[in-house]
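First up is the structure itself, then whatever we jot down about it.
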Amino acid sequence: MSYKDDIKNFVIKDDPIILAIETSCDETAVSVVRSGREILSDEIISSAVQHSAYGGVVPEIASRAHTEAIFTATERALNSAGIGLNDIDAIAVTKGAGLLGALLVGVSFAKALAFALGVPLVPVSHIRGHIAAAYLTDKELEPPFISILASGGHTAIVNVTDYYNHKILGQTLDDAVGEAFDKVARVLGLKYPGGPNVEKLAKDGKNTIAFPQMLKNYKGSAYDFSYSGLKTYVINYVHNAEQKGENVEKADIACSFQSAAVDVLIDKAFKALKETGYNVLALSGGVGANGYLREKLSERCEKEKVKLVLPGKRYCTDNAAMIGAEGYLQYKKGNFADLTLNAEAVVKL
């Protein structure tokens, strides 16, 4: 009997122990999660330092780093959880979105492991994984709620109607907020990763520059975003000042940009809460680690008596525990893949 035939006979357990693998970018992450909400271990081996010299992630370096780290990360995750491979009930793996070569390392490793152990292989969307991180933070959390998805490649306001159905109320039409942070960081002469360095610089600055309003007179969804114009305006602002020999207050630029980029996320999220009648807001994605965003969200939620689910910064950035949380939902649904599973550079929100 083949592995494909075995899929039909897998028994779905009530409290499965899932080994989750995440290799979409520059973090080799492996986690063991029980019942989708209890983290037994969470290991991350990052190759960010190797990429910093190039000002961004180099796909070939990332793929090689994943290949070198995947066995070690898995061994650490199992040891930290105090279990062996035979205790694993399923393997969850990020199938996309991300760097194709990096994803292939995780998918190939997961397929081999699932086949060797004779357990289900669960394909997971990296994007849905970010949203599912909320379930690790609040173990009693149930849909519906509104999620702010703010990551390196995606920006959206999401109506999480139930565990399996997510409605995109609006999303970026061009650059994601994380991409804008990285590009502004580059023009300000800051090192990769850009987001944390812009945030650090902004703490020494003032919000004194009136950067342009996004999507002014836009006829589409009130929840859509556009960061391309804001990014370009900041870049031109810096270049024009330098060409004129004017002093550039980089801290003020960082502070003003951060405010312009983040405040709109909060405003549109609360618009969605008002229109849906929900009283729970969750933050997800790598930009969710931004201190300014977290502080302003907390203040607004306290003022308007909205429950805020704020994952720890570790679970906003790329990690495997979130893949285990979403993997559990897909496991319970019986969404299993066979050994033809392939990586996808792009997946639908």
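Structure above, values below:
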item: Heavy-atom surface of the chain, accessible at 1.4 Å and reported per residue (Å²); result: 44
item: Rounded D (µm²/s) - the chain, Kirkwood Rh over Cα pairs, Stokes-Einstein at 4 °C, 1.567 mPa s; result: 62
item: Rounded to 10°, Cα long-axis angle of helix 177-187 versus longest principal axis of the chain; result: 50
item: Binned Cα-Cα distances of region 167-322, short to long, each 5 Å bin given as a whole percent; result: 1, 9, 17, 20, 20, 16, 9, 4, 2, 1, 0
item: Carbon + sulfur, % of accessible area of region 137-221 - ligands and nucleic acids excluded, 1.4 Å; result: 47
item: For region 58-125, fraction of C-alpha pairs farther apart than 20 Å, in %; result: 30
item: Whole-Hz couplings from phi, Karplus 6.51/-1.76/1.60, listed for region 142-150; x for Gly and Pro; result: 9, x, x, 7, 9, 10, 8, 9, 9
item: Pairs beyond 23 Å (Cα-Cα), from 4/95; 268/332; 200/231; result: 268/332
item: Tilt relative to the chain, helix 126-137 - C-alpha long axis, 0 to 90 degrees, to 10; result: 90
item: For region 119-188, the fraction of alpha-carbon pairs in successive 5 Å shells from zero, as %; result: 3, 14, 22, 21, 16, 11, 7, 4, 1, 0
item: Simple Cβ-charge dipole of the chain, Lys/Arg +1 and Asp/Glu -1, about Cα centre, in debye nearest 20; result: 680
item: Angle in degrees between helix 228-243 and the longest Cα principal axis of the chain, rounded to the nearest 10; result: 50
item: Residue-averaged 222 nm ellipticity for the chain, from DSSP H runs of 4+ at -39500 (n - 2.57), nearest 500; result: -14000 deg cm²/dmol
item: For the chain, the longest site-free run once chymotrypsin sites (Phe, Trp or Tyr not before Pro) in DSSP loop states with at most 15 other Cβ atoms within 10 Å are removed; result: 219-349
item: Table column - 3J(HN,Hα) (Hz), region 335-340, Karplus curve with 6.51, -1.76, 1.60, x for Gly and Pro; result: 7, 9, 10, 9, 7, 8
item: As computed over region 287-335, the Cα convex hull volume per residue (Å³); result: 86
item: Estimated Rh, region 1-150: Kirkwood, alpha-carbon pairs, angstrom; result: 16.2
item: Net charge dipole size for region 1-143 [Lys, Arg +1 and Asp, Glu -1 on Cβ; Debye, nearest 20]; result: 360
item: Computed Rg/Rh of region 164-244, alpha carbon atoms with Kirkwood Rh; result: 1.03
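The values are calculated or read from the model by the stated rules, or taken from the named source; none is laboratory data. Keep in mind that what you see is a predicted model, and the values were worked out from it rather than measured. Cβ coordinates were reconstructed from backbone atoms using ideal geometry, including for glycine residues, and neighbour counts include every protein chain displayed. With ligands, DNA and RNA removed, areas are computed over all heavy atoms of the protein, side chains included. Shrake-Rupley method; radii C 1.70, N 1.55, O 1.52, S 1.80 Å.
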